[in-house]
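Working notes for the structure below.
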Amino acid sequence: MKRNSNKRNRGTTNQAMIVVPRPSKRRFYGQGIPNVELQRLAGKLIVVEGADGSGRSTQIARLRDWLEGCGHATVQVGLKRSTLVSEELNQAQTGNILSHTTLSLFYATDFADQLENIILPALKAGFMVLADRYIYTLMARDLVRGMDEAWLKNLYGIALVPDAVFYLKVSPEQLVQRNFAKNYALDYWESGMDLGLSREMFDSFLQYQAMMAQQFKRLQSIYGFNIIDGDRMPDEINAELRRKIEAVLAGK
């Protein structure tokens, strides 16, 4: 009976720790967005990165339920969710005819619109913002396609530095299995078919995802985000994410 009581107490303590997040020192990666009072952004920006099939969306949904259960209001953002260009971007990608620069600028516009009109206002209102991918996926994709790194850093200099970034690392072989199990097919862009790596989508997917993993490894050395072993069971991954986010919210 005493053991059960201790468990309940620990649960209560954990929830109490994250009810009132500690203030963060805010900054942009570069020039940022004008007229933003960084000190007034009271919420937290938590990013989960990873390829399709990494379990990224599942983990974000579970983190949302957990945070809301602890009394936090949450907002979710992600790629191609801007009301400004998301529909046009989807239509343009359908034809598979976009140049690398055009595709990059489309996604940058999508990100900038969400940053200015969703992320920053939500943080100002004290929300927990859960980002289903951020600038790191966009940069990795562009770097794989030969875009200039200095140009990309300047392009995404408007981005706010998140409070925590977690990259779910899953082997390309495991990603193939998960994508087939979920969608019964591989995506043209997630397979890097525009790069001409292979005529076979399966082989192209493996090569492209290996290239993406290499770029994420480089970006991690620059931006210092957390690499999470995504080959484990979802419950194990979620438990680790919760522990790390609790530490972030407690200012540790």
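Place a +1 charge on the Cβ of each Lys and Arg in segment 91-153 and a -1 charge on the Cβ of each Asp and Glu, then give the dipole magnitude about the Cα centre in debye, rounded to the nearest 20.
100
Dipole size in debye (nearest 20) for segment 43-93 around its Cα centre, Lys and Arg Cβ +1, Asp and Glu Cβ -1?
Rounded to the nearest 20 debye, it is 160 debye.
Tell me, what does the Kirkwood hydrodynamic radius of the chain come to in angstroms if you use every pair of distinct C-alpha atoms?
19.3
Suppose the chain between residue 232 and residue 148 were pulled fully straight at 0.36 nm per residue; how much longer would it get relative to their current alpha carbon spacing?
That pair, residue 232 and residue 148, stretches by 26.8 nm at full extension.
Normalising by the residue count of the chain, find the relative contact order in percent from Cα pairs under 8 Å and 6+ residues apart.
In percent, rounded to a whole number, it is 30.
Have a look at 41, 117, 103 and report the one farthest towards the positive end of the charge dipole of the chain, computed about the Cα centre with Cβ charges (Lys/Arg +1, Asp/Glu -1).
Most positive-ward Cα: 41.
Which GluC sites (Glu not before Pro) in segment 157-227 pass both tests, a DSSP loop state and at most 15 other beta-carbon atoms within 10 Å?
Those satisfying the criteria are 200.
Considering only DSSP beta bridges where both residues belong to the chain, give the percentage that are antiparallel (nearest 5).
In the chain, DSSP labels about 5 percent of beta bridges as antiparallel.
Taking only DSSP H segments of four or more residues, each worth -39500 (n - 2.57), what value at 222 nm results for the chain once the sum is divided by all its residues, to the nearest 500 deg cm²/dmol?
After summing the helix terms and dividing by residue count, I get -16000 deg cm²/dmol.
With +1 on each Lys and Arg Cβ and -1 on each Asp and Glu Cβ, and nothing else charged, work out how big the dipole of the chain is about its Cα centre, in Debye to the nearest 20.
With only Lys, Arg, Asp and Glu charged at Cβ, the dipole is about 1540 debye.
Rank-order 127-138, 174-185, 69-80 by packing density, defined as the average count of other C-beta atoms within 10 Å over each peptide's residues, highest first.
Descending packing order for the listed peptides: 127-138, 69-80, 174-185.
With an 8 Å cut-off on Cα pairs and a minimum separation of 6 or more residues, tell me the relative contact order of segment 112-252 in percent.
27
Where a number appears in this text, it was derived from the coordinates with a stated rule and is not lab data. Just so you know, these numbers come straight off a predicted model, no measurement behind them. Positions of Cβ are generated from backbone atoms using ideal geometry, with glycine treated the same way; all protein chains shown enter the neighbour counts.
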